[in-house]
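Please read the structure below before turning to the comments.
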Amino acid sequence: MSIKTLNGETFLSLLKAAARNLQANCQIVNDLNVFPVPDGDTGDNMLKTFQGGLESAIKKTGNNIGEVAKTFSQGALLGARGNSGVILSQFYKGFEEGLNLKEEVSATELNDAYKSGVEKAYHAVVKPVEGTILTVFKQAGEYASSLINSDSSIEDFYKAYLDGINKVLPKTKEMLSVLKEADVIDSGGAGYLYIVEGMYKVLLDPSYTDSSDVPALKNKAQEVDIDAFTRDSVLDFGYCTECLLRLQSAKVNPDTFEIKPILDYLDLIGGDSVVCYKEGDVVKLHVHTPDPGKVLNELRKYGEFLTVKIENMALQHHKIIKSEKKKSPRKKLGIVAVANGDGIKSLFREMGADEIIEGGQTGNPSSKEFIDAFESVNAENIIVLPNNPNIILTAEQAKEIYKDSKVYVIKTHSFTEGNAALALINPFFEDIDEMLNDVNEGISEVVNVSVAQATKDAVIDSKVIKTGDYLGMIEKDIVTVNPDRKEALMELISKVPDIKDKELCTLFSGKDVPEDELTIIKERISKMYQDIELVCYEGGQNVYSYLISFE
């Protein structure tokens with residue numbers, strides 16, 4: 001059966017099928033990583049991002065494709081993880097903007113919406129690189145455009161679009177030298193192939209999403225411990241109140257409305273643990289308050305509710321301690337840093353980080369985790385240290401969403417750069433731009449080296465790597481390969497440019513390094529490089545056995 005126009009109900013079935021197909025092939029996408037060290041889990045990031053959008057879209061009633069696409073893009077935006085996830089969420093943001101809230105669309109209109117997605121995705125990346133998922137977006141769309149006309153069906157479009165992906169994807173390995181050397185296609189593009197393939201499958205067979213292995217996205221019903229609050233209990237902790245508010249044109253201008261009046265009111269009545277942000281014409285609010293009725297009445301000055309959830313916090317034992325604390329006064333500067341490893345997280349807190357987001361290599365936090373951290377910091381200015389190249393875009397996206405503080409993302413690529421940045425941040429600054437320039441200048445002079453164990457065989461820059469070997473890297477370049485971890489590290493340090501001129505070496509040992517090995521390493525470095533001050537920490541980080549910086 002040929003479908004001439006695509007409505008919201010059918011589009012939602014396409015999204016479900018896409019999620020199912022991506023989930024089924026997620027590990028294949030992960031395994032396309034060209035580097036022999038775990039590096040971001042592209043498939044997992046894309047799946048979590050897509051599921052975040054689907055969780056929102058699946059709750060949307062009605063048959064308007066523009067509305068379904070809008071709720072999907074909002075959910076994907078907040079659930080985005082890693083570079084691939086952020087780019088995917090931006091693509092679908094542009095896609096829904098291209099639909100312009102239409103009830104249904106023809107094949108040519110659908111094609112135009114996909115073009116809008118390409119433009120948005122390219123715009124989101126500061127330095128777009130061809131041979132990545134961006135190229136797949138663009139060239140697949142161009143191929144479909146060459147075949148689609150006013151007589152084409154929705155099936156015609158997706159077949160042409162999928163054919164376009166299959167044509168461009170093998171070419172990505174020729175566009176990027178790192179892909180060519182590893183003889184693999186781009187992992188983000190492969191993930192997108194499975195998304196579109198799922199959509200086309202359900203158009204051919206509507207029963208495709210009926211299988212039990214469709215991703216389970218519905219939340220389980222919460223169990224209520226009614227004995228936690230009895231007839232004799234006192235309401236000490238108030239209510240956890242959450243809602244989605246649709247701004248109404250009859251009450252405010254949804255396009256120009258700012259959330260500051262809401263925040264001012266919540267502060268006036270003593271609201272605690274406030275998380276509030278606006279996406280389009282919808283305001284999302286979370287607040288702890290003894291009187292949710294006052295909050296709801298205030299919000300109705302601006303719009304009407306889509307959802308409301310109110311829970312007695314005596315039933316939420318994990319929140320009681322937090323709810324006992326009064327909201328801290330708003331301060332001038334706050335710092336949010338990404339880290340993993342107990343030693344690194346403890347050090348970062350000692351150096352002034354207010355909030356630590358769990359993450360790093362293979363662990364990519366979502367935009368919402370950053371937004372929650374921003375809200376918790378409660379500062380006029382917030383500095384963010386992503387400490388991983390695969391997390392920078394997510395931090396930037398969270399910065400664009402969050403409007404209650406001035407957020408500055410310092411593009412730190414490693415925990416060692418984050419450590420150097422923390423040492424340079426002056427909380428008593430007079431000119432924040434001048435201070436940030438000093439920080440960026442300082443970390444630009446840091447030489448980052450690392451040791452990690454290879455998880456697969458590979459040949460990179462003519463270096464033959466076997467599973468289990470230890471790789472010594474200066475920045476992104478592999479300079480040593482050795483089956484012995486200590487020897488890999490010492491050989492690596494000897495190859496640091498101008499090593500004799502360095503004054504400070506900061507070393508973080510990973511969770512796989514025993515104490516006796518670290519003692520040996522400290523002795524060898526100190527003996528060999530007596531003019532360099534050595535500072536060592538038991539970082540406990542994942543993936544990297546050693547993270548080292550030279551200054």
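The values are calculated or read from the model by the stated rules, or taken from the named source; none is laboratory data. All values derive from a computational prediction rather than experimental measurement. Glycine gets a Cβ as well: all are built from the backbone with ideal geometry, and neighbour counts include every protein chain shown. Remember, those area values only see protein heavy atoms, side chains included, never the ligands or the DNA or RNA. Shrake-Rupley method; radii C 1.70, N 1.55, O 1.52, S 1.80 Å.
One table, with the values for the structure above:
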{"quantity": "Filter result (under 25 Å from MET313 (Cα atoms) and modelled with pLDDT under 90) within the stretch 324-370", "calculated": "GLU324, LYS325, LYS326, LYS327, SER328, PRO329, ARG330, LYS368, GLU369"}
{"quantity": "Single match in LYS278, LYS284 (criterion: basic (Lys, Arg), at pLDDT below 90 and under 23 Å from VAL409 (Cα atoms))", "calculated": "LYS278"}
{"quantity": "Sole exception among (1) at pLDDT 90 or above; (2) surrounded by fewer than 18 Cβ atoms within 10 Å (Cβ to Cβ); (3) within 30 Å of THR455 (Cα to Cα) for ASN297, by number", "calculated": "(3)"}
{"quantity": "Residue that is nearest to the chain's Cα centre (by Cα), among those in the stretch 292-307 that are touching a residue at least 40 places away in the same chain (Cβ under 8 Å) and part of a loop (DSSP other than H, G, I, E, B)", "calculated": "TYR302"}
{"quantity": "Of residues in the stretch 57-70 being open to solvent by less than 40 Å² (accessible area, probe 1.4 Å) and either modelled with pLDDT under 85 or among the small types (Gly, Ala, Ser) (or both), the one farthest from TYR192 (Cα to Cα)", "calculated": "GLY66"}
{"quantity": "Residue pairs meeting the criteria (Cβ under 6 Å; at least 6 apart or on separate chains; first on the phi < 0 side of the Ramachandran plot and β-branched (Val, Ile, Thr), in the stretch 242-263; second open to solvent by less than 50 Å² (accessible area, probe 1.4 Å) and in a loop (DSSP other than H, G, I, E, B))", "calculated": "VAL252/TYR302"}
{"quantity": "Filtered residues of the stretch 119-141 (kept if open to solvent by 20 Å² or more (accessible area, probe 1.4 Å) and in contact with a helix residue (DSSP H, G or I) (Cβ under 7 Å, 6 or more places away or on another chain))", "calculated": "GLU119, LYS120, TYR122, ALA124, VAL125, PRO128, GLU130, THR132, LYS138, GLN139"}
{"quantity": "Positions within the stretch 397-416 being open to solvent by less than 10 Å² (accessible area, probe 1.4 Å) and over 17 Å from the mean Cα position of the chain (by Cα), in sequence order", "calculated": "THR416"}
{"quantity": "Selection count, the stretch 157-175, where residues are surrounded by fewer than 19 Cβ atoms within 10 Å (Cβ to Cβ) and under 21 Å from ASP477 (Cα atoms)", "calculated": "2"}
{"quantity": "Elements of type helices (runs of 4 or more DSSP H) contained in the stretch 85-168, each with 2 or more residues being of a type in the set (Lys, Arg) and either under 27 Å from the mean Cα position of the chain (by Cα) or farther than 16 Å from GLU197 by Cα (or both)", "calculated": "107-124"}
{"quantity": "All positions within the stretch 417-444 that are assigned to a loop (DSSP other than H, G, I, E, B) and either buried (at least 19 other Cβ atoms within 10 Å of the Cβ) or at pLDDT below 90 (or both)", "calculated": "ILE425, ASN426, PRO427, PHE428, PHE429, GLU430"}
{"quantity": "Test: residue in the stretch 100-112 that is within 30 Å of ALA395 (Cβ to Cβ), in contact with a strand residue (DSSP E or B) (Cβ under 8 Å, 6 or more places away or on another chain) and either of a type outside the set (A, V, I, L, M, F, W, C) or buried (at least 20 other Cβ atoms within 10 Å of the Cβ) (or both)", "calculated": "no"}
{"quantity": "Candidate set: the stretch 518-536, residues that are in a helix (DSSP H, G or I) and open to solvent by less than 60 Å² (accessible area, probe 1.4 Å); chosen: the one nearest to PHE508 (Cα to Cα)", "calculated": "LEU518"}
{"quantity": "Evaluation of ALA488 against (1) free of Cβ contacts under 8 Å to residues at least 60 places away in the same chain; (2) among the small types (Gly, Ala, Ser); (3) under 30 Å from ILE382 (Cβ atoms) (one fails), failing number", "calculated": "(3)"}
{"quantity": "Filtered residue count, the stretch 473-508, keeping only those that are under 23 Å from GLY540 (Cα atoms), in contact with a strand residue (DSSP E or B) (Cβ under 8 Å, 6 or more places away or on another chain) and at pLDDT below 90", "calculated": "1"}
{"quantity": "In the stretch 463-486, residue least open to solvent (accessible area, probe 1.4 Å) [restricted to those that are more than 24 Å from ASN30 (Cα to Cα) and outside any strand (DSSP E or B)]", "calculated": "ARG485"}
{"quantity": "Selection from the stretch 114-170 of residues that are over 20 Å from ASP186 (Cβ atoms), free of Cβ contacts under 8 Å to residues at least 60 places away in the same chain and β-branched (Val, Ile, Thr)", "calculated": "ILE148"}
{"quantity": "Residue check, ASP213 in a helix (DSSP H, G or I), open to solvent by 70 Å² or more (accessible area, probe 1.4 Å) and either at pLDDT below 70 or among the hydroxyl-bearing types (Ser, Thr, Tyr) (or both)", "calculated": "no"}
{"quantity": "Residue check for ILE521: more than 31 Å from the chain's Cα centre (by Cα) and β-branched (Val, Ile, Thr)", "calculated": "yes"}
{"quantity": "Which numbered condition PHE95 fails, given (1) crowded, with 20+ Cβ neighbours inside 10 Å; (2) in contact with a Lys or Arg (Cβ under 7 Å, 6 or more places away or on another chain)", "calculated": "(2)"}
{"quantity": "Filter result for ASN542 (within 21 Å of ALA421 (Cβ to Cβ) and touching a His at 6+ places or on another chain (Cβ under 8 Å))", "calculated": "no"}
{"quantity": "SER73 assigned to a helix (DSSP H, G or I), at pLDDT 90 or above, surrounded by fewer than 21 Cβ atoms within 10 Å (Cβ to Cβ) and small (Gly, Ala, Ser)", "calculated": "no"}
{"quantity": "Filtered residues of the stretch 381-409 (kept if closer than 16 Å to SER366 by Cα and β-branched (Val, Ile, Thr))", "calculated": "VAL384, ILE391, ILE392, THR394, ILE401, VAL409"}
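Here's the yes/no breakdown for (1) free of Cβ contacts under 8 Å to residues at least 60 places away in the same chain; (2) among the basic types (Lys, Arg); (3) more than 27 Å from LYS120 (Cβ to Cβ); (4) in contact with an Asp or Glu (Cβ under 8 Å, 6 or more places away or on another chain):
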position	(1), (2), (3), (4)
ALA395	yes, no, no, no
LYS406	yes, yes, no, yes
GLU430	yes, no, yes, no
ASP433	yes, no, yes, no
VAL439	yes, no, yes, no
SER444	yes, no, yes, no
